[in-house]
Amino acid sequence: MPSDRRVSREAPFEDADLVARLRRGDEAAFEHIYRLECPRLTAVAAHLAHPAIADDVAHDVLFGLWARRQSLDPNLRLRPYLLAAVRFAAASAVRRAQVASRMAEWVEQAWYVAPGAADAPAHAREQAAAVARALDDLPARCRQVFLLVRREGLSYAETANALGIAVKTVEAQMGKALRRLRYALGPILAE
């Protein structure tokens with residue numbers, strides 16, 4: 001039991017020291033926090049979101065800490081702050097993924113209706129026309145990546161290989177396409 005009291009008394013000092021060092025831009029302090037907390041944050045993100053994005057969520061939270069280092073409260077308790085941040089980031093990632101998935105399903109359904117098809121309901125034709133316009137408005141590379149992934153069913157790696165680009169580029173282009181489509185089609189999706 002005595003060791004628990006010693007740790008709890010030292011933890012605020014350690015946090016205060018690390019926060020002070022972070023605020024001064026001490027990279028060694030950040031590296032220490034990163035090595036100490038990244039595995040825990042990744043595990044929490046994997047539990048709350050999806051294991052495939054857990055690393056990204058944890059890294060984003062930690063790099064956000066570094067980016068906001070000068071505005072940190074000197075009395076900040078690091079672990080509770082980081083755990084709360086990773087919970088929020090994981091929840092946001094889940095919401096974004098759900099919206100992106102619904103958007104992609106809706107776009108895929110609209111592909112099967114030709115904008116001028118006389119036998120389709122008017123609302124379905126309007127949706128198909130809106131999807132066609134939104135896809136046409138995407139930048140060429142962005143549209144190409146989106147169509148290969150969503151229409152052709154290629155994985156990100158297969159798409160990257162087919163286009164001779166990095167997988168990270170495919171991820172970035174898909175994110176850009178989904179943001180633009182969400183913006184363009186948002187009013188129609190709300191109907």
Subject >> Accessible heavy-atom area order of Glu27, Glu37, Glu171, highest first, probe of 1.4 Å >> reply: Glu27, Glu171, Glu37
Subject >> Distance in nm between pseudo-label sites at Arg133 and Arg182 (7 Å out along the Cβ direction from Cα) >> reply: 2.1 nm
Subject >> Calculated FRET value between Glu14 and Ala166, using beta carbons and R₀ = 30 Å, to 0.05 >> reply: 0.15
Subject >> Simple label model, 7 Å out from Cα along Cβ direction - Ser71 to Asp26, nm >> reply: 2.3 nm
**OP:** Distance between Cα centroids, the stretch 31-71 to the stretch 141-191: provide it in whole Å.
**Re:** 26 Å
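Between Leu147 and Ala91, take the C-beta separation as r, use R0 = 35 Å, and let me know the FRET efficiency to the nearest 0.05. Mind showing how you got there, number by number?
Numbers: r = 30 Å, r/R0 = 0.87.
The pair Leu147/Ala91 has a calculated efficiency of 0.70.
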**OP:** Compute the semi-axes of the equivalent ellipsoid of the stretch 27-90, taking the square root of 5 times each eigenvalue of the Cα gyration tensor, and list them largest first in whole Å.
**Re:** 20, 12, 10
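The values are calculated or read from the model by the stated rules, or taken from the named source; none is laboratory data. Keep in mind it's a predicted model, so treat the numbers as computed, not measured. In this analysis, Cβ positions are derived from the backbone assuming ideal geometry, glycine residues included, and neighbour counts consider all displayed protein chains. Remember, those area values only see protein heavy atoms, side chains included, never the ligands or the DNA or RNA. Shrake-Rupley method; radii C 1.70, N 1.55, O 1.52, S 1.80 Å.
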